[in-house]
Amino acid sequence: MSGPHGATDDLAFFAADLGETKVIAASNVAAQLSTVQGKLPAGRYLVHIADLSDPNAKVWIRLGKFGDTVPVAAAVPSFPMSLSTIAAIEYTAREGHSDQIAAVTSAGTANVYVTRVSRDG
């Protein structure tokens, strides 16, 4: 971040607010947010999976730098999510480090919803 930083910035960052949601249509072929959607601005995000065509499938998530192809695969070091275990997780996007997200499924299709939850100052 650049410029002065104050307590109101911290309050805004940690205050929850439902912001814009972006979606990744995941399948067994890796997909990520499109460049048209743009990078994720720095802040907190809720990543949740839904609409799985196979309720036993896993959705694997990987974070990366916007502008790069994020190397997501249905295996570690990607992060597994499923309806029977973790269906949502919160993370903090950092510019130039984790401002892009990619997903792939172990089977079938799913939607990965990425919703900004930190409030702008």
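The values are calculated or read from the model by the stated rules, or taken from the named source; none is laboratory data. Predicted model, so just to flag it, every value in this text is computed and none were measured. Cβ: placed from backbone, ideal geometry, glycine included. Neighbour counts: every protein chain shown.
Going through segment 88-110 one residue at a time, which ones are polar (S, T, N, Q), buried (at least 20 other Cβ atoms within 10 Å of the Cβ) and over 12 Å from the mean Cα position of the chain (by Cα)?
The answer is Thr105, and nothing else.
Against the condition modelled with pLDDT under 95 and part of a loop (DSSP other than H, G, I, E, B), how does Leu52 come out, does it pass? Break it down into steps so the answer makes sense when it comes.
On the way: modelled with pLDDT under 95: no; part of a loop (DSSP other than H, G, I, E, B): yes.
Here the answer is no, as Leu52 does not meet what is asked.
Is there a residue in segment 74-87 that is under 13 Å from the mean Cα position of the chain (by Cα) and among the small types (Gly, Ala, Ser)? Show your work before the answer.
Applying the first criterion (under 13 Å from the mean Cα position of the chain (by Cα)) to segment 74-87 yields 78-81, 87.
Narrowing the set further to residues that are among the small types (Gly, Ala, Ser) leaves 78, 87.
Taking every residue of segment 74-87 in turn, at least one turns out to be under 13 Å from the mean Cα position of the chain (by Cα) and among the small types (Gly, Ala, Ser).
Filter segment 105-121 for residues that are among the hydroxyl-bearing types (Ser, Thr, Tyr) and assigned to a strand (DSSP E or B) and give the result. Steps first, please.
From segment 105-121, those among the hydroxyl-bearing types (Ser, Thr, Tyr) are 105-106, 109, 113, 115, 118; that's our starting set.
The answer is Thr105, Tyr113, Thr115, Ser118.
Consider Gly67 carefully, then state whether it is exposed (fewer than 13 other Cβ atoms within 10 Å of the Cβ), under 26 Å from Arg119 (Cα atoms) and at pLDDT below 95. Break it down stepwise before answering.
Working: exposed (fewer than 13 other Cβ atoms within 10 Å of the Cβ): yes; under 26 Å from Arg119 (Cα atoms): yes; at pLDDT below 95: yes.
Judged against the criteria, Gly67 is a match.
Write out, first by first residue and then by second, each pair whose Cβ atoms fall under 6 Å of each other, whose residues are 6+ apart or on separate chains, and whose first residue, in segment 81-108, is more than 12 Å from Leu63 (Cα to Cα) and of a type in the set (S, T, N, Q) while the second is modelled with pLDDT of 95 or more and part of a strand (DSSP E or B).
Correct list of pairs: Thr105/Ala26; Thr105/Val59.
So, of the residues in segment 35-56 that are surrounded by fewer than 20 Cβ atoms within 10 Å (Cβ to Cβ) and among the aliphatic types (A, V, I, L, M), which turns out to be nearest to the chain's Cα centre (by Cα)?
For segment 35-56, the residue satisfying everything is Leu46.
How about segment 16-49: which of its residues are assigned to a strand (DSSP E or B) and of a type in the set (Lys, Arg)? Working first, answer last.
Let us first name the residues in segment 16-49 that are assigned to a strand (DSSP E or B), namely 16, 21-26, 31-32, 43-49.
Scanning segment 16-49 gives Lys22, Arg44.
Looking only at segment 83-104, which residues are out of contact with any Lys or Arg (no Cβ under 7 Å at 6 or more places or on another chain) and assigned to a strand (DSSP E or B)? First the steps, then the outcome.
Filtering segment 83-104 for residues out of contact with any Lys or Arg (no Cβ under 7 Å at 6 or more places or on another chain) gives 83-89, 91, 93-95, 98, 101, 103-104.
Residues satisfying the conditions are Ala88, Ile89, Tyr91, Ala93, Ile101, Ala103, Val104.
So which residues in segment 99-114 are polar (S, T, N, Q) and either at pLDDT below 95 or under 15 Å from Ala25 (Cβ atoms) (or both)? Outline the logic, then answer.
Here is the first cut: in segment 99-114, the ones polar (S, T, N, Q) are 100, 105-106, 109, 111.
Thr105, Thr109, Asn111, listed by residue number.
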